[in-house]
Amino acid sequence: MTTKHRLKLPDECDLKWCNEAGDHQVHRQYLISLLAQQGCMIGVNVVQPDIAPSVVELTLMPRRAASRVVVLVPNEARTVVRALNAAIRLTDRL
Ligand SMILES: [Zn+2]
């Protein structure tokens, strides 16, 4: 029987889901980065500060304005997802 082991690079985080490398206080997984209409970059990450519960981080990076970060607890993120899905269904029917 063979067992697969993931090789851990020296600066990788101990948390398997975390994409951050090196010394960091906030664990983060980058889920999507999307260039939306009008050149606005949208990022969605899962973030976990050292001792705080995990949250969803929505980052908006307009082409000609400062970036904005919206932090959502999971229930808030679910509400946004439901609203987005409802909006998508409506736009598909129009
Ligand atoms: Zn980490």
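Quick look at the values:
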item: Fewest-first ranking of Val69, Val44, Val56, using other Cβ atoms within 10 Å as the exposure measure; result: Val69, Val44, Val56
item: Computed E for Met41/Thr79 - FRET, C-beta separation, R0 22 angstrom, nearest 0.05; result: 0.40
item: Over the chain: Kirkwood hydrodynamic radius from C-alpha pairwise inverse distances, Å; result: 15.8
item: Whole-Hz ³J(HN,Hα) from phi, Karplus 6.51 cos²θ - 1.76 cosθ + 1.60, for the range 41-56, glycine and proline x; result: 8, 10, x, 10, 10, 9, 10, 9, x, 2, 10, 9, x, 5, 9, 9
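All of the numbers you see were taken from the coordinates with simple rules; none came from a lab. Model, not experiment: these values are computed from the prediction. Cβ: placed from backbone, ideal geometry, glycine included. Neighbour counts: every protein chain shown.
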